[in-house]
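Remarks on the structure that follows.
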């Protein structure tokens, strides 16, 4: 069991107020978490992109960027872990929001976990959320039932950005709520990214007259499909992407090295197999694909503009020097093809307008995840590596890049420490599972840390564990026996683009890592995906 010592070190150590503001009797900082949806590692200007993100670039320049920060590879699992400080299975969201008949896979946050809002309310915070929830669809599971004082946003997972029209065959419209009531957008002038910010600013304006610090969770849907953007933002990028995905990947790769965010020892991963060379497609195809990426870029640009509005509001209410902002993404770039396929409603509108429903597919997701392999859903680096920015004026050294290993399970212990807070063993007659992460406050303060982290990933049978320099990873593929592909072993320090599988070369290390995965997976309440599928099939038969 010695291998778990670093995993739980942050749980057992006393919480100290090493980074809190000295304003008022409590001296606690305001906290803002901003989450992007389906955005790749290299999609911000400060992470190698050509997309204009001056406000996030400012936060990075005045704060900290981390190079090895990880999410859970998919929207629901990441949100469950981010909100609770647990692995998603422990929180009840081992898969998505559907109930698979197993407590760890019930599809909504259980009562054996606290949310960030609940934990911070215990410690004196006013709590607000604006944006995408996606960790429980029934009203008993909505944000106001899990600790948020005010809420505006999307309860479900995706939506048209201009209205709530259903996008799947035989599906109800997307669900939005304002506090505990259903919300219906106006017939014109609505754009979801702007609306999330409008309400976030309204909540911050209300905050001016209240005692105590605030916590705001601002969870954008941008740039998740469908590719919907405002015309003025699309026009800013029209033509930018006619150079093609091959040259863009190379340019981002070089910039990432120049910025010190990746090592030049790591080769750029090859273009994904089903994606053709840009020079091999027709002019008509280039125009179509160029427009799709222009809209995607416009969505990130608009999100950044809205983050600028949040920064401006902090100045208006004189809280800019007393607020820490954390920015991250819920998974890597999304490869999914949604137009005219499967259960998705067929649409004919020009990409970007309200009548369209497109995605940018493998072709541009491969660019978003530069320099890594694979995409959202998988737990190779392309699916789980996130940009991460921490900004706290006067407390975080400006312009620093940190290579230490971190994960979304670390957010809860970090915020509890920033709040000079406590984390209960029981809450409302329920025993609460201990946090699984480690506080990042020492990283923010640039203090030395000696603990080698152990981190776990599992989603739909895609599995990985990382311990120090080593990462063990496997995909789930129904064509393999029991669905699991052979384990791959990588030295991430030498080969973060995962091109040199050492599993056969180092069989003892591979066996050691397999045992480590099994031990941590059991602690995290993971059920092997093939067993989940068998139970799902048996439940269908019973029904």
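Odds and ends about this structure:
- Euclidean distance between Cα centres, region 138-152 to region 445-524, Å: 36 Å
- Segment residue 518-residue 112, extension gain: residue separation times 0.36 nm, minus the distance between their alpha carbons: 143.9 nm
- Added length on full extension, which subtracts the Cα-Cα distance from 0.36 nm per residue, residue 140 to residue 264: 39.7 nm
- Normalised contact order of the chain, rounded percent, pairs of Cα under 8 Å and 6 or more residues apart: 24 percent
- Modelled spin-label separation between residue 537 and residue 246, with each label point placed 7 Å from Cα along the Cα-to-Cβ direction: 4.3 nm.
- Between residue 422 and residue 274, the FRET efficiency from the beta-carbon distance, with R0 = 51 Å, is close to 0.50.
- In this label model, residue 445 and residue 316 are separated by 3.5 nm, measuring between points 7 Å along each Cα→Cβ vector.
- The chain, helix-only ellipticity at 222 nm - DSSP H runs n ≥ 4, -39,500 (n - 2.57), divided by all residues, nearest 500: -9000 deg cm²/dmol
- Ellipsoid equivalent to region 312-440 - semi-axes via the Cα gyration tensor, in Å: 35, 21, 19
- Calculated FRET value between residue 180 and residue 238, using beta carbons and R₀ = 30 Å, to 0.05: 0.10
- Residue 169-residue 479 pseudo-label distance in nm [points 7 Å out on the Cα-to-Cβ vector]: 2.6 nm
- Taking every Cα-Cα distance in region 211-295 and sorting them into 10 Å bins from zero, the calculated P(r) comes out as 14, 31, 33, 15, 5, 2, 0 percent.
- Relative pair counts by distance (%), Cα atoms of region 452-543, 5 Å bins: 3, 13, 21, 23, 18, 10, 5, 3, 2, 1, 0
- From the C-alpha gyration tensor of region 276-373, square roots of 5λ in Å: 34, 17, 13
- When restricted to Cα atoms, region 385-434 yields an Rg and a Dmax of 14.7, 45 Å, respectively.
- Dimensionless Rg ratio for region 35-447, taking C-alpha atoms and the 2.2 N^0.38 Å reference: 0.94
- Stretch gain in nm, segment residue 208-residue 350, where the contour uses 0.36 nm per residue and the Cα spacing is subtracted: 46.8 nm
- Restricting the calculation to Cα atoms, region 230-274 yields a radius of gyration followed by a Dmax of 13.8, 41 Å.
Bear in mind these aren't lab numbers, they're just calculated from the coordinates by the rules spelled out. The structure presented is a predicted model; accordingly, all values stated were derived computationally and were not measured. Note that each Cβ is placed from the backbone with ideal geometry, even for glycine, and that neighbours are counted across all protein chains shown.
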